[in-house]
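Please treat every number below as a calculation from the coordinates, not as lab data. Keep in mind the model is a prediction, meaning the values are calculated, not measured. Quick reminder, even Gly has a Cβ in these numbers, built from the backbone with ideal geometry, and neighbours come from all protein chains shown.
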Amino acid sequence: MLTTNKNRVIKTAVVGQVRQHCCADYTVTPEGEALVLPGIGGIVYNAKIGDPAFGWAGDHIEPGVSVYNPDKRDSDSMNILACIGNTAIVMDGDAKGAKGYVTGKHGGAEDVMVYFDEETLDKLCIGDKILIRACGQGLRLVDYYDDIKVQCIDPELFEKLGIEENGDGSLTVPVVAKVPPYLLGSGMGARNAYRGDYDIMTADKDVIKEFGLDKLRFGDVVLLEDADNLYGRGYKKGATSIGIIIHSDCVLAGHGPGVTTVLACQKSLLKAKICPDANIANYLGVK
């Protein structure tokens, strides 16, 4: 097993609330079609981790429950500190005491997405408070720290990713697919890769099918080629990153399924082993 400093990683509380679903007047596709669609936020009853990220009549759909904080400074802190796999607890309302898991962090919207089971979803209401036991930022790979950084993932979930040591300083990670760098769009150039996400552009449907990305699901683990996410999001030949699909496909130009990164390296030290079941729904034991 990889040696980490997980016993020294701080676990703290951040609190947000379930936000209202957003809908722009019109969303315009790259082909010029104007559509009225559900957007970010809300309580999404029929899309959850493990479900397809494509094919929804919506734009930037965030599966499960979207949590934010009305105070921008607090919302920014929550988005940075909350990590995929963290436990989330409903603090008031009819679903008080129910537990779920963080499944993603959305840049721009600054939402944190949380999985809850169907019984809990039926009891939740817009405005209900959600406490997240934030833990993961500061997690280190002791033997690889000079080259490979961990980001945005709960230490317990990290240990379930099935990462293998290769003996040459590199690691092999089970992933569903590899994403070429020229498909990485909205969010590229962000100065901080420890918050939010960036998008896989999907306007070219033939290329998306060529790489098997049209089959991506919420929660899938992917490898990003030539993607430098160490001190921001940019292109660097040979850099590698591992990410998790956190929101749906989009109709806007330059957008598509969102990826929150969980491992970053400026060298080719992260290798992919294609595994169709590399999805956090399986690792968390939820359906």
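Going by average Cβ neighbours within 10 Å, how do the peptides 80-91, 188-199 rank, with the highest at the top?
80-91, 188-199
Treating only the Cβ atoms of Lys and Arg (+1) and Asp and Glu (-1) as charged, compute the dipole magnitude of the stretch 65-191 about its Cα centre; round to the nearest 20 debye.
In total the dipole reaches around 340 debye.
If you take the Cα Rg of the chain and divide it by 2.2 N^0.38 Å, with N the number of residues, what do you get?
Normalised by 2.2 N^0.38 Å, the Cα Rg of the chain equals 0.94.
Can you give the FRET efficiency for ARG191 and GLU119, using 1/(1 + (r/R0)^6), R0 = 45 Å, r = Cβ-Cβ distance, to the nearest 0.05?
Given R0 = 45 Å and the Cβ-Cβ separation, E is 0.65.
What ranking, highest mean first, results for peptides 106-112, 248-254, 179-185 when packing means the other Cβ atoms within 10 Å averaged over each residue? Spell out each step's value before the answer.
Details: 106-112: 23.6, 248-254: 20.3, 179-185: 18.1.
My ranking of the peptides, most packed first, is 106-112, 248-254, 179-185.
Kirkwood hydrodynamic radius (Cα pairs, Å) of the stretch 1-104? Could you put the intermediate results ahead of the total?
Values: mean 1/r = 0.0622 Å⁻¹.
With all distinct Cα pairs of the stretch 1-104 included, I get 16.1 Å.
Quick one: check the C-alpha center-to-center distance for the stretch 78-123 versus the stretch 1-75, whole angstrom.
If you average the Cα positions of each part, the centres end up 10 Å apart.
Would you please put 202-210, 170-178 in order of how densely packed they are, using the mean number of other Cβ atoms within 10 angstrom per residue and starting with the highest?
170-178, 202-210
For the stretch 151-285, what is the Kirkwood hydrodynamic radius in Å, using each pair of distinct C-alpha atoms?
For the stretch 151-285, inverting the mean 1/r across all distinct Cα pairs yields 14.7 Å.
If you place +1 on the Cβ of every Lys and Arg and -1 on the Cβ of every Asp and Glu, how big does the dipole about the Cα centre of the chain come out, in debye to the nearest 20?
Working: 30 positive and 39 negative charges, 172 e Å.
Roughly 820 debye, rounded to the nearest 20.
Please report, in whole Å, how far the alpha carbons of the stretch 60-139 spread along each principal axis, starting with the longest.
32, 25, 23
Take the alpha-carbon positions of the stretch 26-172, form their convex hull, and give its projected area averaged over all directions (one quarter of the hull surface) in nm².
Directional mean of the projected Cα hull area for the stretch 26-172 stands at 11.4 nm².
Can you compute 3J(HN,Hα) from phi for each residue in the stretch 28-37, using the Karplus curve 6.51 cos²θ - 1.76 cosθ + 1.60 with θ = phi - 60°, rounded to whole Hz and x for Gly and Pro?
Once rounded to whole Hz, the list reads 9, 7, x, 8, x, 7, 9, 10, 10, 9.
Return a whole-number percent for the relative contact order of the chain, with Cα pairs under 8 Å and 6 or more residues apart as the contact set.
With pairs under 8 Å counted, the relative contact order is 22 percent.
ASN46 to TYR145: FRET efficiency via 1/(1 + (r/R0)^6), r the Cβ-Cβ distance, R0 41 Å, to the nearest 0.05?
0.50
Could you give the alpha-carbon Rg of the stretch 205-287 over 2.2 N^0.38 Å, rounded to two decimals? Write out the running numbers ahead of the final one.
Values: Rg = 13.2 Å, N = 83, 2.2 N^0.38 = 11.8 Å.
Here the answer is 1.12, to two decimals.
Using a simple spin-label model with points 7 Å from Cα along the Cα→Cβ vector, what separation in nm is obtained for ARG73 and LEU2?
3.5 nm
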